[in-house]
Amino acid sequence: MRIETYRYDTVDSTNNIALQMARKGAPEGTCITARRQLKGRGRRGRVWFDSAGESVLMSIVFRPKIPLDRFHELSFVVSFAVAEHLRTCFGVEAVLKWPNDVLVRGMKIAGVLIEIEHATGAAIAGVGININQRELPPSLAQRATSVLLETSVEHDITRATETFARAIADEYERYIESGFKDIRARWLNNMWGLGKWAEVRLESETLVGMIAGLDKNGALLLRDGAGTVHTIHAADVVMLR
Ligand code: BTN
């Protein structure tokens with residue numbers, strides 16, 4: 001997949017620009033990057049914090065020729081590629097938290113937000129990665145980290161962004177060739193919390209159980225104290241200590 005990058009300084013959200021471009025027909029591989037975002041978005045309506053010039057902030061347009069009900073598989077492809085690239089090229093022990101967070105030592109280092117444009121058949125993969133932060137705001141300090149905090153090594157953000165975009169595109173090509181089964185297996189090998197007890201917060205209830213894996217579509221499997229296995233499609237997972 002060819003990547004065509006459009007670099008911005010300050011934007012509200014790179015996902016918004018990518019969505020607008022996708023609506024106007026931007027091809028697969030269109031990549032929007034920015035030095036900072038004023039309204040960075042996370043999953044479930046949350047805000048994505050960044051400090052200017054210290055993070056990878058990018059959104060890539062995909063147009064996979066797969067049924068719309070499988071587009072969510074992209075979140076596994078993208079989060080896996082980010083974690084793998086962090087491990088192999090940035091020296092951090094990144095693991096994957098369902099559905100698509102990237103953690104180091106239990107703290108968030110990267111997040112992925114997939115937004116699907118049903119009308120145009122496009123999916124936008126928004127990726128935020130903490131790279132050069134020396135410190136994080138007090139509200140995040142216990143829950144988040146950066147490559148610099150983990151390794152004491154600083155990186156050029158433009159170069160880092162390019163290499164992450166390439167790693168994601170390569171993983172995407174592999175997924176298109178090999179299908180979800182392959183990425184699901186590799187994702188599972190790097191899954192945070194497998195076999196551990198966790199609290200799973202759904203829209204209307206909270207479940208407690210052991211993280212038992214992923215079903216064939218990528219839903220989370222949670223075995224409760226009575227042995228019932230719950231299949232969870234959307235939730236926040238909190239590890240119990
Ligand atoms: C999450 O962890 O909830 C997902 C965070 C995704 C953040 C990235 S930063 C680049 C892109 N633009 C956005 O507004 N969000 C994504």
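The values are calculated or read from the model by the stated rules, or taken from the named source; none is laboratory data. The structure displayed is predicted, hence computed values, not measured ones. Here the Cβ positions follow ideal geometry from the backbone for every residue, glycine too, while neighbour counts run over all protein chains shown. Just the protein is used for accessible areas: all its heavy atoms, side chains included, with ligands, DNA and RNA removed. Shrake-Rupley method; radii C 1.70, N 1.55, O 1.52, S 1.80 Å.
Reported value for region 66-139: 113 Å³ per residue, from the convex hull of its C-alpha atoms.
Computed about the Cα centre, the dipole magnitude for the chain is approximately 160 debye when only Lys and Arg (+1) and Asp and Glu (-1) carry charge, each at its Cβ.
Take the Cβ atoms of T88 and E205, set R0 to 45 Å, and the FRET efficiency comes out at 0.70.
With the convex hull built on the Cα atoms of the chain, state its orientation-averaged projected area in nm². Mind dumping the intermediate values first?
Numbers: hull surface 50.8 nm².
Mean projected area of the Cα convex hull: 12.7 nm².
Shown for the chain are the DSSP H helices of 24 Å or more along their axis, judged by Cα atoms, with a mean Kyte-Doolittle hydropathy of at least 0.0: 73-90.
Once the Cα gyration tensor of region 151-210 is diagonalised, what are the square roots of 5 times its eigenvalues, in whole Å and ordered largest first, as equivalent ellipsoid semi-axes?
Values: eigenvalues 188, 82, 30 Å².
Sorted largest first and rounded, they come to 31, 20, 12 Å.
Using θ = phi - 60° in the Karplus curve 6.51 cos²θ - 1.76 cosθ + 1.60, the 3J(HN,Hα) couplings for region 101-117 round to 9, 10, 10, 10, 6, x, 10, 6, 10, 8, x, 10, 10, 9, 10, 9, 9 Hz; x is entered for Gly and Pro.
Report, in cubic angstrom per residue, the convex hull volume of the C-alpha atoms of region 119-161.
Output value, Cα hull per residue: 113 Å³.
Taking the convex hull of the alpha carbon atoms in region 123-241, what volume per residue do you get, in Å³?
On the way: hull volume 18.6 nm³, N = 119.
In region 123-241, the Cα convex hull volume per residue is 157 Å³.
Taking a straight line from the alpha carbon of K196, these lysines sit under 26 Å away, with near neighbours fewer than eight places off in the same chain left out: K97, K108, K181, K216.
Projecting the Cα atoms of A52, M239, S204 onto the charge dipole of the chain (Cβ charges, centred on the Cα centre) puts S204 farthest toward the positive pole. Ignoring ligands, DNA and RNA, what percent of the accessible area of the chain is carbon or sulfur (1.4 Å)? That fraction is 50 percent. Its Kirkwood hydrodynamic radius, worked out from the mean inverse distance over all distinct Cα pairs, puts region 61-194 at 15.3 Å. Considering every Cα-Cα pair within region 24-120, what fraction, in whole percent, is farther apart than 19 Å? For region 24-120, the share of Cα pairs beyond 19 Å comes to 48 percent. For the chain, the per residue solvent-accessible surface stands at 48 Å², with DNA, RNA and ligands left out and a 1.4 Å probe.
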